[in-house]
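The values are calculated or read from the model by the stated rules, or taken from the named source; none is laboratory data. Predicted model only: the values in this text are computed from it and were never measured. Glycine also receives a Cβ, built like all others from the backbone with ideal geometry; neighbour counts cover every protein chain displayed. For accessibility, only protein heavy atoms count, side chains too; no ligands or nucleic acids. Shrake-Rupley method; radii C 1.70, N 1.55, O 1.52, S 1.80 Å.
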Amino acid sequence: MKLHCDVEVVSRHLPALGMRNRGKGVRAVLSLCQQSPRSQPRAGARSDRGGPHPTCLLICTLKDKRGTRYELKENIEQFFTKFMDEGKATVRLKEPAVDICLSKANSNSLKSFISAVRLAHRGCDIEAPLSTFTPVKTSEFEKFKTKMVITSKRDYPLSKNFPYSLEHLQTSYCGLVRIDMRMLCLRNLRKLDLSHNHIKKLPATIGDLIHLQELNLNDNHLESFSIALCQSTLQTSLRSLDLSKNKIKALPVQFCQLRELTNLKLDDNELIRFPFKMGQLTNLRFLSAARNKLPFLPSEFKNLSLEYLDLFGNTFEQPKVLPVIMLQTPLTLLESSAQAVLCNRIPYGSHIIPFHLCQDLDTAKTCVCGRFCLNSFIQGTTTMNLHSVAHTVVLVDNMGGTEAPVTSYFCSLACYVNSCDMLK
């Protein structure tokens, strides 16, 4: 019986000696082996208290393929299993006084392995077949590597699967026209680099990669970023997204639900607008959207707090002198109802109200006073110095400018008049 995971063996005597463990595990293969009388002494071996063939724990690493043995019978002081669903557990031994810390394991395999270790500790029979004391082959560690970089069609694996333990996968310059579904089975994946391919569409199942933090789709043929991805588990995991050098014209308003984003690259697309709720990306620190077709910025853009901003080469328009007035008097029932739902934060969804009404609520404008408006509003445009939202700003044109037009919405004439100084 074997388990592949990261292992750190921590001596409990170190703090007493004024020393610390290095705090990082190494990739290892753990085996439950049958100890025979002729076997060599084990780490922490004691007198054999029962049965001629006790079970031992064998830990093998790439540097120590023969492994280190630990006696299990009546030799475990405590199990720490609170985080087994995350692939983590710790076994505290009596002799030697060490903690065997396991991490980055398959959660189901870890639970089975810990159950078997408990039986070995009690001296009970283990139903699963036990391993032999044979050195682990290098190929066993290659199967469970965490990083793979492929930069040509020739090296792309067609006949074999990707190692399921991968955390970082790069497949660039491979001529991919769609995402390989085998990649979507890599549940430990944290960084996925698919740059310099010919991908046209992203499957919604990318959102099933619950640990994905970095996604690089630079230099592909994407025309959109789907709503399904914006509403997936990427909302809580994704930190960095590179969509530069594609053919994207607009991002859905739901894109702003990816609130853990800190780095966003949108250079060299065909963007004609940002999502107007851009200000909800409160963790965003790096934004690059150079060489697009942006005529103006949304009003909530001023809520961002960036370290770096690049909007060079966009087709920004001059602010309009006169506002666009679309006020409705009296307000329609739809407008009044929408304001009530949004102001009181009443939950809604397509399972409660028609889908088109959900879309109306999702795309509602926000007045400078904080109220919401659907179809009854005044639209005005002003300029904003980009240094007010970013520490470092790349010039927006060859003339050395750092200002860009911003669109604002007003729910009433009173709000517009009160803010007229801002619009001058």
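Computed values, structure above
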{"read-out": "Tally of residues being closer than 19 Å to Tyr409 by Cβ and among the β-branched types (Val, Ile, Thr) across the stretch 257-313", "value": "1"}
{"read-out": "Residues that are at pLDDT below 95 and open to solvent by 40 Å² or more (accessible area, probe 1.4 Å), drawn from the stretch 202-216", "value": "Ala204, Thr205, Asp208, Ile210, His211"}
{"read-out": "Residue count, the stretch 365-414 (criterion: under 27 Å from Leu334 (Cβ atoms) and open to solvent by less than 20 Å² (accessible area, probe 1.4 Å))", "value": "10"}
{"read-out": "Test: residue in the stretch 240-250 that is within 30 Å of Arg371 (Cα to Cα), in contact (Cβ under 8 Å) with a residue 12 or more places away in the chain and in the same structural domain as Cys185 (by the TED database)", "value": "yes"}
{"read-out": "Cβ pairs under 7 Å, 6+ apart, first in the stretch 103-129 and under 10 Å from Met1 (Cα atoms), second surrounded by fewer than 16 Cβ atoms within 10 Å (Cβ to Cβ) and not polar (S, T, N, Q)", "value": "Ala116/Ala128"}
{"read-out": "Which numbered condition Ala204 misses (of (1) in contact (Cβ under 8 Å) with a residue 40 or more places away in the chain; (2) more than 29 Å from Cys5 (Cβ to Cβ); (3) of a type outside the set (Asp, Glu))", "value": "(1)"}
{"read-out": "Flag for Phe410 being out of contact with any Pro (no Cβ under 9 Å at 6 or more places or on another chain) and either in contact (Cβ under 8 Å) with a residue 12 or more places away in the chain or within 21 Å of Leu311 (Cα to Cα) (or both)", "value": "no"}
{"read-out": "Unique residue being basic (Lys, Arg), at pLDDT 95 or above, within 24 Å of the chain's Cα centre (by Cα) and buried (at least 16 other Cβ atoms within 10 Å of the Cβ) when the list is Lys247, Lys265, Lys277", "value": "Lys265"}
{"read-out": "All strands (runs of 3 or more DSSP E) inside the stretch 292-396 with 1 or more residues being of a type in the set (Phe, Trp, Tyr)", "value": "306-310, 377-385"}
{"read-out": "Failed item, numbered, when Thr282 is tested on (1) open to solvent by 50 Å² or more (accessible area, probe 1.4 Å); (2) part of a helix (DSSP H, G or I); (3) not assigned by the TED database to the domain that holds Phe377", "value": "(2)"}
{"read-out": "Within the stretch 84-95, considering residues that are open to solvent by 40 Å² or more (accessible area, probe 1.4 Å) and modelled with pLDDT of 90 or more, the one farthest from Cys56 (Cα to Cα)", "value": "Lys88"}
{"read-out": "Matching entry among Thr146, Thr236 (being open to solvent by less than 80 Å² (accessible area, probe 1.4 Å) and under 28 Å from Cys5 (Cα atoms))", "value": "Thr146"}
